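The values are calculated or read from the model by the stated rules, or taken from the named source; none is laboratory data. What you are looking at is a predicted structure, and each value in this text was computed from that prediction instead of being measured. We place every Cβ from the backbone using ideal geometry, glycine too, and count neighbours over all the protein chains shown. Note: areas computed on protein heavy atoms with side chains; ligands, DNA, RNA excluded. Shrake-Rupley method; radii C 1.70, N 1.55, O 1.52, S 1.80 Å.
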Amino acid sequence: MSNDAPVKKKRKFELDPRLAAYKGVWVFIEHERGQVHPVSWELLGEGRKLADMLGVELAGVVLAAPGEGQPFCQEAFAYGADLCYLMESPVLKDYRNDPFTRGMTELVNTYQPEVLLLGATTQGRDLAGSVATTLATGLTADCTGLTIDLDNRSLAATRPTFGGSLLCTIVTLNYRPQMATVRPRVMGMPERQEGREGRIIEHPLAMAEESIITKVLDYIPDDTRDKPQLPFADIIVSGGKGLAKPENFQLVWDLARVLGAEVGASRPVVQAGWVELDRQVGQSGKTVRPKLYIAAGISGAIQHRVGMEGADCIVAINNDPNAPIFDFAHYGIVGDALQLLPALTEAFRQKLA
Ligand code: FAD
């Protein structure tokens, strides 16, 4: 560029004074039957970073039945919240969209946070959509990265787009709060600080049961004990289309058994019916964060990568030295997975015997 080229000045963004009044980062503390969903703690870890960048407080939002919410607030303090907004009412006993939307919008309108984060779970997705439309604000769903654009204090929310082939960063400049959902295990779990304290701000909800159209008639637990628990596994051995035939996928199971690992797979393997959908890792499958992820015969397409790149250690086995997975794997083995998998299984069997 020539020195005479005109330098374009970046226009200073002026936030509407009405919106500038919104302050603080909030995280919805999701719970069911006395158990907080771990994604809430992961979001507090991420929310802490955002709040520190903005120089504001980090708050948890607990909507619960009378007498139920205090322990959740204490736990939220241990995971980094400075304060908790606690709304307790008999109508908040089980999750239902009407009372939770009403409660959350009432809290937002009263205390005016600038950022509101929720887990991209069944409950979080349901609530985030209705809260955003009720408040007429912006919501970025299924984010893979969150930061603050310090030029204008806006939340920069990154997520895959165009079928996962691109990542885009979305900002909500003219509306508040700025809302985002994040899938479980996308963000790391913050360290729990025993004894850390915070303030609780209680706020009532004036809503009669008679005004709510949805009724909870029964609770049928989703029995996931026999289902694969990929998102929380420490070791995962995953197989891809490079294994060529369904019979060869047994080699992945064999290594996983010796290592005490879960079995994962790329999408083509699931689509071919070699393993069930619960084992698919990636954009349209599970997001995982194991200590060790072994990928055999997987190319490393972006849609697979977004689901596993948070692993502490990625070992890739691929016979193509130019396979994209070698760009981000910590250890790469160029070779035939059909030979290497049984060799590794035998080596670990002897080592761990
Ligand atoms: P391939 O791309 O066919 O790669 C096979 C690899 O195996 C190659 O790198 C090859 O060199 C290697 N290989 C071959 N033979 C051997 C051998 N003997 N030993 C060792 N290596 C060998 N994909 C996902 O995985 N998860 C998702 O959630 C997901 N969601 C998607 C969502 C959308 C909207 C779209 C459009 C796509 C999605 N995909 C997803 C598909 C993704 O784009 C890729 O097509 C897919 O990840 C490729 O799977 P693969 O690596 O198993 O197969």
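Residues in segment 217-244 that are in a loop (DSSP other than H, G, I, E, B) and surrounded by 10 or more Cβ atoms within 10 Å (Cβ to Cβ): Lys227, Pro228, Gln229, Ala233, Asp234, Gly240, Ala244. For the structure I just gave you, tell me whether Val306 is within 22 Å of Leu167 (Cβ to Cβ), within 13 Å of the ligand (Cβ to nearest atom) and not hydroxyl-bearing (Ser, Thr, Tyr). Yes: the conditions hold for Val306. Kindly indicate whether Thr345 is open to solvent by less than 60 Å² (accessible area, probe 1.4 Å), polar (S, T, N, Q) and touching an Asp or Glu at 6+ places or on another chain (Cβ under 7 Å). Answer is yes for this residue.
Among the numbered criteria (1) open to solvent by 50 Å² or more (accessible area, probe 1.4 Å); (2) in a loop (DSSP other than H, G, I, E, B); (3) at pLDDT below 95, which single criterion is violated by Gln303? Answer for Gln303: the failing condition is (2). Filtered by the rule that a residue be in contact (Cβ under 8 Å) with a residue 24 or more places away in the chain, more than 9 Å from the ligand (Cβ to nearest atom) and touching a helix residue (DSSP H, G or I) at 6+ places or on another chain (Cβ under 6 Å), segment 276-303 gives Thr287, Val288, Tyr293. The C-beta contact set for segment 334-348 (first residue among the acidic types (Asp, Glu), second residue within 9 Å of the ligand (Cβ to nearest atom), distance under 6 angstrom, 6+ apart or interchain) comprises Asp336/Asn319.
For Leu255, the test of being within 16 Å of the ligand (Cβ to nearest atom), at pLDDT below 95 and of a type in the set (A, V, I, L, M) is failed. Applying the criterion of at least 2 residues that are buried (at least 20 other Cβ atoms within 10 Å of the Cβ) and more than 22 Å from the chain's Cα centre (by Cα) to the helices (runs of 4 or more DSSP H) found wholly in segment 16-121 leaves 97-111.
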